[in-house]
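The values are calculated or read from the model by the stated rules, or taken from the named source; none is laboratory data. For clarity, every value in this text was computed on a predicted model and none was experimentally measured. Cβ sites come from the backbone with ideal geometry, for glycine too, and all protein chains shown count toward neighbours. To get the accessible areas, we keep the full protein, side chains included, count just its heavy atoms, and leave off ligands, DNA and RNA. Shrake-Rupley method; radii C 1.70, N 1.55, O 1.52, S 1.80 Å.
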Amino acid sequence: MTNRPTTILETLMTRNQLAKWVGCSPRTIDNWVRAGSLPEPIRFGGLVRWHPGKVADHLGIPVPAGEGDV
């Protein structure tokens, strides 16, 4: 195992990771974002990611272990 620094993209969650964490479908994530039930994602070109801490604060749930390793 190498000890390399963690990049910001590694600490952010994809839509599929987020859906798995909260126990819903990826489509539900899209619906929740449109309805304002989830914070807007961070966009990097074509990549769409969520910060686990902001989602946890918004939903009132604990941050998952590893923050993006769901």
Members of the range 16-32 that are open to solvent by less than 50 Å² (accessible area, probe 1.4 Å), free of Cβ contacts under 8 Å to residues at least 24 places away in the same chain and under 15 Å from Pro52 (Cβ atoms):
Ala19, Ile29
If you take the residues in the range 17-42 that are part of a loop (DSSP other than H, G, I, E, B) and hydrophobic (A, V, I, L, M, F, W, C), which one is modelled with the highest pLDDT?
Cys24
Name the residue that is surrounded by the most Cβ atoms within 10 Å (Cβ to Cβ), counting only residues in the range 43-59 that are outside any helix (DSSP H, G or I) and touching a residue at least 12 places away in the same chain (Cβ under 8 Å).
Trp50
